[in-house]
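I have placed the structure first, in the form of structure tokens, so that the comments after it can refer back to it.
Every read-out reported here was derived from the displayed coordinates using simple, explicitly stated rules and does not represent laboratory data. Quick caveat, the model's predicted, so the values are computed rather than measured. Every residue, glycine as well, gets a Cβ built from its backbone with ideal geometry; the counts of neighbours run over all protein chains shown.
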Amino acid sequence: MAAEEELGILQIIRELRSRTPFNPFRIVMGSGESHVVENSELLAIGQSQLIYCKPHSDRVVYLRLNQISEVEDLGDKRVAS
């Protein structure tokens, strides 16, 4: 993924994370793995990666920006984990 694409994805994630009211969104990796962000406070944004604390667990996931293939706004859809 080119640096411009990474910046575009990063900007989308920042916008989704800061929305009021917050709506869940899904981050899909190139491997097909996906993570639903249900709470904006559980996602930290760095320069080259995201750190996501999975809700209701002690699991932490490191998501490299250059491996994110899609970000899906779930809006008012109900989220199943």
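Things to note:
- Rounded to the nearest Hz, the phi-derived 3J(HN,Hα) couplings of the range 29-42 under the Karplus curve 6.51 cos²θ - 1.76 cosθ + 1.60 (θ = phi - 60°) are 8, x, 6, x, 5, 9, 9, 8, 8, 9, 9, 4, 6, 9, where x marks glycine and proline.
- For Asn23 and Arg64, a Förster radius of 35 Å and the Cβ-Cβ distance give a FRET efficiency of 0.90, rounded to the nearest 0.05.
- In sequence order, the range 49-66 has phi-based couplings of 7, 10, 10, 10, 8, 5, x, 6, 7, 9, 7, 10, 10, 9, 10, 6, 4, 6 Hz under the Karplus curve 6.51 cos²θ - 1.76 cosθ + 1.60, θ = phi - 60°, and Gly or Pro positions carry x.
- Rounded to the nearest 500, the 222 nm mean residue ellipticity of the chain from helices alone is -6500 deg cm²/dmol, with -39,500 (n - 2.57) taken per DSSP H run of at least 4 residues.
- Sequence-separation-based contact order of the range 3-73, relative, with Cα cut under 8 Å and 6+ spacing, percent: 34 percent
- Peptide packing for 34-44, 48-58 was compared via the average number of neighbouring C-beta atoms within 10 Å per residue; ordered from the highest value, the list is 34-44, 48-58.
- Helix 3-18 vs. the chain, principal-axis angle (Cα, 0 to 90°, nearest 10): 20 degrees
- Between amide H atoms placed 1.01 Å from N, distances below 5 Å from Leu74 occur with Phe25, Arg26, all of them 5 or more places distant or on a separate chain.
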